[in-house]
């Protein structure tokens with residue numbers, strides 16, 4: 001079963017269960033995948049494309065939570081956190097920080113990065129390898145810690 005099919009099945013179950021937050025979150029996700037399919041001019045998306053839509057929405061929710069927390073809107077923070085939990089269920093298991101750090105160190109050696117000027121090369125290589133398994137902010141933070149100034 002593809003990721004897109006799983007989302008469709010879960011949406012039907014959420015509709016039957018009258019789970020409003022789950023229904024709205026999965027509908028937003030389906031809309032995002034539909035838009036990407038139209039943009040790419042394809043009938044069915046590959047799982048990696050669906051994952052890119054999910055990770056984009058996860059990032060948006062994290063940013064929203066941060067903004068609402070600063071604004072003192074706990075009601076919206078709770079709603080965003082609930083939606084984020086639903087989306088994260090479709091993401092691959094996240095790499096533990098120590099494993100991510102080891103991967104980044106080996107990538108730095110592979111691309112021959114010598115200073116922070118090579119950060120772009122390292123980030124590109126790492127993000128392609130961890131695709132959906134690590135948050136970009138965390139990767140960026142570890143890469144900047146590992147690269148000498």
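The values are calculated or read from the model by the stated rules, or taken from the named source; none is laboratory data. Note that the coordinates shown come from a computational prediction; the quantities given were computed from them, not determined experimentally. So basically every Cβ, Gly included, is an ideal-geometry build from the backbone, and we count neighbours across all protein chains shown.
So that you can scan it fast, the table gives a plain yes or no per residue for (1) within 30 Å of residue 19 (Cβ to Cβ); (2) surrounded by 15 or more Cβ atoms within 10 Å (Cβ to Cβ):
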{"residue": "71", "(1), (2)": "yes, no"}
{"residue": "96", "(1), (2)": "no, no"}
{"residue": "100", "(1), (2)": "no, yes"}
{"residue": "139", "(1), (2)": "no, yes"}
{"residue": "143", "(1), (2)": "no, yes"}
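Residue-by-condition table, conditions (1) surrounded by fewer than 18 Cβ atoms within 10 Å (Cβ to Cβ); (2) in contact (Cβ under 8 Å) with a residue 60 or more places away in the chain; (3) over 26 Å from residue 2 (Cα atoms):
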| site | (1), (2), (3) |
| --- | --- |
| 82 | yes, yes, no |
| 85 | yes, no, no |
| 105 | yes, no, yes |
| 115 | yes, no, yes |
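Selection of the range 87-103 for residues being touching a residue at least 40 places away in the same chain (Cβ under 8 Å) and farther than 19 Å from residue 7 by Cβ yields 94, 97, 100, 101. When each of 26, 11 is tested for being within 18 Å of the chain's Cα centre (by Cα), at pLDDT 90 or above, buried (at least 16 other Cβ atoms within 10 Å of the Cβ) and assigned by TED's automatic domain parsing to the domain that holds residue 79, the lone residue that passes is 26. Filtering the range 29-42 to residues that are without any contact (Cβ under 8 Å) to a residue 40 or more places away in the chain and assigned to a helix (DSSP H, G or I) leaves 30, 31, 32, 33, 34, 35, 36, 37, 38, 39, 40. For the range 30-59, enumerate the residues that are loosely packed, with under 11 Cβ neighbours inside 10 Å, within 18 Å of the chain's Cα centre (by Cα) and at pLDDT 90 or above. Across the range 30-59, there are no qualifying residues.
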